[in-house]
Amino acid sequence: MAKAEAPLAEQAAYYRARAAEYDEWWQRRGRYDRGTEATRNWQDDVRALERALDRFGPSGQVLELASGTGWWTRRLARHAETLTCVDAAPETIEVNRRRLAEAGLPAPRYIEADLFDWRPDAGYDVVFFSFWLSHVPPERFDAFWQQVAAALKPGGRVFFIDSRPEQSASAQGQRPPDDDGIQERKLNDGRSFRIVKLFYEPEALAERLAGLGWRATCANTAHYFLHGEASRA
């Protein structure tokens, strides 16, 4: 049987519909509340990510791909000289815009675009993306990293964050992805969507990126996250 095509249109629709409740996942509220210990572990891991990003220093002209509701945009804005954010969902861009305004931070340049079709219109010192690589279908992995390379100035750097396959990170009752990396996700109102969700191990990911001409270092936090840095070899 032929492998099913990745449900990219459905994935995009899911994140548009989820914009108003996305922060429940990040803040461990509602269906994502897995108890005091799990929340403490999550918060510890988030602080580990923040320290890693601060050490990396995302300065200069910074591009954030799949910028979402702005949890990382807000931190990038404190480092960057200029900040450009690309996201396919106008609903999440609006949440992002409000979050930065409430923090008293300058507004980035927002671009509403499907990342699978978008091409960079400038060169950047840093490209950042969080919880996006896991939504890129395997057959588009190489093309995505070519897109990242095209966005970088000579000597430019990449920082990325993603998920580990820890079930307590998910909503209660949510099943893991199937063997093809397709996962059913439900919203609070019960609507169901299929998305791409893939997980990577640090060493294997760094090795795969090396084969594409990148010099990468990747690591896991204690429980929930993967993060990495990369530059052209």
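The values are calculated or read from the model by the stated rules, or taken from the named source; none is laboratory data. All figures in this text were calculated on a predicted structure; none of them were measured in a lab. Don't worry about glycine lacking a Cβ; one is built from the backbone with ideal geometry, like all the others, and counts go over all protein chains shown.
Is the range 205-212 home to any residue that is closer than 25 Å to residue 89 by Cβ, in contact (Cβ under 8 Å) with a residue 24 or more places away in the chain and surrounded by 15 or more Cβ atoms within 10 Å (Cβ to Cβ)?
no
Picking from 64, 91, 112, which residue would you name as being in contact with a Cys (Cβ under 6 Å, 6 or more places away or on another chain) and either in contact (Cβ under 8 Å) with a residue 24 or more places away in the chain or surrounded by 24 or more Cβ atoms within 10 Å (Cβ to Cβ) (or both)?
Result of the check over 64, 91, 112: 64.
Which residue out of 181, 156, 190, 173 is at positive phi and touching a strand residue (DSSP E or B) at 6+ places or on another chain (Cβ under 7 Å)?
Exactly one residue qualifies, and that residue is 181.
Could you list, in sequence order, all residues of the range 67-104 that are more than 18 Å from residue 132 (Cα to Cα), touching a strand residue (DSSP E or B) at 6+ places or on another chain (Cβ under 6 Å) and part of a helix (DSSP H, G or I)?
Listed by number, the list holds a single entry, 77.
Which residue out of 158, 148 is part of a strand (DSSP E or B), of a type in the set (A, V, I, L, M), farther than 15 Å from residue 198 by Cα and modelled with pLDDT of 95 or more?
158
For the range 206-233, which residues satisfy the criterion of being touching a Lys or Arg at 6+ places or on another chain (Cβ under 8 Å) and part of a strand (DSSP E or B)?
Those that are touching a Lys or Arg at 6+ places or on another chain (Cβ under 8 Å) and part of a strand (DSSP E or B): 214, 215, 220, 225, 226, 229, 230, 231, 232.
Restricting attention to the range 105-118, which residues are in a loop (DSSP other than H, G, I, E, B) and aromatic (Phe, Trp, Tyr)?
Hits for the range 105-118 are 116, 118.
Can residue 122 be described as more than 20 Å from residue 213 (Cβ to Cβ), of a type in the set (A, V, I, L, M) and part of a loop (DSSP other than H, G, I, E, B)?
yes
State whether the residues of the range 215-222 include one that is among the polar types (S, T, N, Q), at pLDDT 95 or above and farther than 17 Å from residue 49 by Cα.
No, the range 215-222 contains no residue that is among the polar types (S, T, N, Q), at pLDDT 95 or above and farther than 17 Å from residue 49 by Cα.
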